[in-house]
Amino acid sequence: MRSFAVIAILSLLPSLSVADKLGFEDRVELTRGLMAEYCTVKVLLPRSKKPLEFDSNGTYDKQQWGQIAKESGPAARTGDSVQVTKILIESDRIVLEINGGFKGGRKWYQGVNVTGTMGQQVPIGNNDSNAPGGTSLAIVFHKPLEPIKSAEIKKMLAPVLDFEKHSVTEIYSETLPPEVQQAIKEKRAREGMTHEQVIMALGRPEHKSRETKDGLELEDWVYGKAPGKITFVTFNGDKVIKVKEAYAGLGNQVGNSPVVR
């Protein structure tokens with residue numbers, strides 16, 4: 001993969017006079033540090049013929065990106081893995097081509113295996129990206145580029161792309177409201193959570209039960225065993241409407257404890 005970096009570096013040479021504050025070594029470091037790198041998408045990434053503009057201060061026009069996604073569809077969704085396939089350094093911006101750009105993305109043969117001479121399964125394609133399409137992203141500095149490292153670019157892109165290895169669950173949790181994130185970290189359920197969020201916080205329940213009460217279809221998830229704390233999480237649809245905790249002691253003694261929401 002890194003062999004592509006040499007080609008990318010040579011392709012940047014004609015534009016050296018444009019971004020004269022970046023030296024050759026700066027360009028080499030940026031290219032080596034970003035070219036062929038994989039990252040995880042943290043927000044919906046639209047397919048776009050023109051590079052999606054991302055400000056160097058870490059912000060972007062969410063409404064504009066959303067409109068582009070409606071028109072052209074998504075290049076990648078939250079949790080998808082994508083790859084930087086080309087780098088273009090201009091006078092006031094750095095453009096990253098993602099998954100081959102607008103015309104790129106996964107091909108029909110990627111993910112397909114064939115049987116080798118020894119009976120082993122061999123993949124036809126070697127692309128580890130699982131995103132459906134490609135796009136490009138322009139980091140706009142609004143001034144002539146100055147020396148900057150690839151690690152700084154990765155940190156700058158943190159609101160939309162994560163170059164560290166995290167699970168899809170971790171990426172998803174970062175998009176949740178702060179109070180829900182806190183509850184998940186503290187391993188407790190709270191009203192308003194969804195089934196998926198409760199599982200992230202407490203895991204799968206010991207028992208489940210359903211009932212109709214006052215015209216509402218309710219589902220109870222029960223966590224814990226006697227003797228010890230037992231948590232009852234009640235859902236209406238996909239939302240938690242009640243959390244009750246009790247302590248079951250020896251025999252049939254059960255005492256209520258404060259409900260944590």
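What to note about this one:
- Some residue of the range 130-151 being polar (S, T, N, Q) and over 29 Å from Val95 (Cβ atoms): no
- Meets criteria (under 17 Å from Met156 (Cβ atoms), of a type in the set (D, E, K, R) and open to solvent by 10 Å² or more (accessible area, probe 1.4 Å)) for Asp80: no
- Scanning the range 204-242 for residues that are β-branched (Val, Ile, Thr) and out of contact with any helix residue (DSSP H, G or I) (no Cβ under 8 Å at 6 or more places or on another chain) gives Thr212, Val222, Ile230, Thr234, Ile241.
- Residues of the range 20-74 satisfying the condition of being closer than 18 Å to Pro147 by Cβ, part of a helix (DSSP H, G or I) and in contact (Cβ under 8 Å) with a residue 24 or more places away in the chain: Asp26, Arg27, Glu29, Leu30, Thr31, Arg32, Gly33, Leu34
For (1) in contact with a strand residue (DSSP E or B) (Cβ under 6 Å, 6 or more places away or on another chain); (2) at pLDDT below 50, each residue gets a yes or a no:
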{"position": "Ser3", "(1), (2)": "no, yes"}
{"position": "Ser17", "(1), (2)": "no, yes"}
{"position": "Glu25", "(1), (2)": "no, no"}
{"position": "Ser48", "(1), (2)": "yes, no"}
{"position": "Asp61", "(1), (2)": "no, no"}
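- Test: Ala36 is at pLDDT below 50 and open to solvent by less than 20 Å² (accessible area, probe 1.4 Å): no
- A residue that is within 26 Å of Phe24 (Cα to Cα), open to solvent by 70 Å² or more (accessible area, probe 1.4 Å) and among the aliphatic types (A, V, I, L, M) occurs nowhere in the range 41-64.
- One residue alone among Ile148, Ile153, Ile139 is in contact with a Ser or Thr (Cβ under 7 Å, 6 or more places away or on another chain) and closer than 30 Å to Pro51 by Cβ, and that residue is Ile139.
- Only one of the numbered conditions (1) surrounded by 18 or more Cβ atoms within 10 Å (Cβ to Cβ); (2) at pLDDT 90 or above is not met by Met200, and that is (2).
- Helices (runs of 4 or more DSSP H) within the range 167-252 that include 3 or more residues touching a residue at least 60 places away in the same chain (Cβ under 8 Å), closer than 30 Å to Tyr38 by Cβ and not β-branched (Val, Ile, Thr): none
- Yes/no for Ala138 being in a loop (DSSP other than H, G, I, E, B) and either at pLDDT 90 or above or in contact with a strand residue (DSSP E or B) (Cβ under 8 Å, 6 or more places away or on another chain) (or both): no
The values are calculated or read from the model by the stated rules, or taken from the named source; none is laboratory data. In this text the structure is predicted, and so the values were computed from the model without any measurement. Neighbour counts run over all protein chains shown; Cβ positions are idealised from the backbone, glycine included. Just so you know, the surface numbers come from the protein's heavy atoms only, side chains and all, with ligands and any DNA or RNA stripped out. Shrake-Rupley method; radii C 1.70, N 1.55, O 1.52, S 1.80 Å.
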